[in-house]
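What follows is a structure written as structure tokens; I'll ask about it next.
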Amino acid sequence: MAAVVAGARRRAAGEVGRDATLRAPLRTGEGGKEGGGGAGSPPPAVGTTRPGPSAASGRCPSPWPPRGPGLSVPAFLLSSAVRHQSSQSTSLQQGHVAKTSLTSPPWPEVKLPDPVEEAKYHAEVVQKVNKMIATGQYGRLFAVVHFASKQWKITSEDLIMMDNVLEAECGDRIRMEKVLLVGADDFTLLGRPLLGKDLVRVEATVIEKTESWPKINMRFWKRHNYQRKKIIVNPQTVLRINTIEIFPCLS
């Protein structure tokens, strides 16, 4: 029993001494004698990765490998240098514009026609329309006229009723001079804003002059003995469109 206890004590003492050796800092001085540094000094601790200061310079060596003509450079230094060089080369390029949504419009480019070809085509169309008008091969006509502060789409034998008073009497024949548009089966003439009087002629006849159905406007205020009644009647005129004529003077 005593032998077993003595062996356990020796093993414990040996482990304590080994731990102290591993945890002891490495110190070196001049001649390697300070801090136990000599021929009989213990070996360096096992598992340490950070070396101590060198005896010659007194400072720790650099963690990076030395640079020289035949030695390698860290990868991140190379990547930063390449990025810097590429940015400088890009900034030095002149006359190069990146293609984005702001450099060109999103819609396709519109090419204007040749003025000579356009004038030739216009002359051909005008000649063809004048020929159709002269021969009467245009069918039934319709028109858009401006009359009594309104626009009316009319054709022959139409009846229109307007809330306005005309100086003409019943049976009088009038001419509508403000013609905005005249159309046929194969062509349409548009005014800018009106068509010429020598090109289009629209005539109408006054059929009836009467009044509209009465409208009652009542105002009432309860518990104040207030009541007002107003009857509204507007004059009306009925016209019949007689003819819509066009002449072959289109230019």
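With the full set of protein chains in place, find how many percent of the accessible area of segment 142-251 is carbon and sulfur; take the probe as 1.4 Å.
The C+S portion of the solvent-accessible surface of segment 142-251 is 50 percent.
Rounded, prolate or oblate for segment 102-158? Axes are the square roots of the Cα gyration tensor eigenvalues, ordered a ≥ b ≥ c, and the cut-off for rounded is a/c under 1.5.
Judged from the Cα gyration tensor, segment 102-158 comes out oblate (a/c at least 1.5, b/c at or above a/b).
Shape call for segment 127-251 from the C-alpha gyration tensor, a ≥ b ≥ c root eigenvalues: rounded (a/c under 1.5), prolate (a/b greater than b/c) or oblate?
prolate
Using a 1.4 Å probe, what is the accessible area per residue for segment 134-234, in Å²?
74
Moving to a separate point now. From the square roots a ≥ b ≥ c of the eigenvalues of the alpha-carbon gyration tensor of segment 96-194, which class results: rounded (a/c under 1.5), prolate (a/b over b/c), or oblate?
Note, shape of segment 96-194 comes out oblate.
Heads up, I need the accessible area for Glu245: 1.4 angstrom probe, whole protein in place, Å², nearest 10.
Surface accessible to solvent at Glu245 totals approximately 80 Å².
Also: In nm, to one decimal, how far is the Arg201 label point from the Phe220 one, both placed 7 Å along Cα→Cβ?
That separation, rounded to one decimal, is 5.8 nm.
The values are calculated or read from the model by the stated rules, or taken from the named source; none is laboratory data. Predicted, not measured: the structure shown is a model, and the values here were computed from it. Note: ideal-geometry Cβ built from the backbone for every residue, glycine included; neighbour counts use all protein chains shown. Ligands, DNA and RNA are stripped out before the accessible areas are found, and what is left, the full protein with its side chains, is counted by its heavy atoms. Shrake-Rupley method; radii C 1.70, N 1.55, O 1.52, S 1.80 Å.
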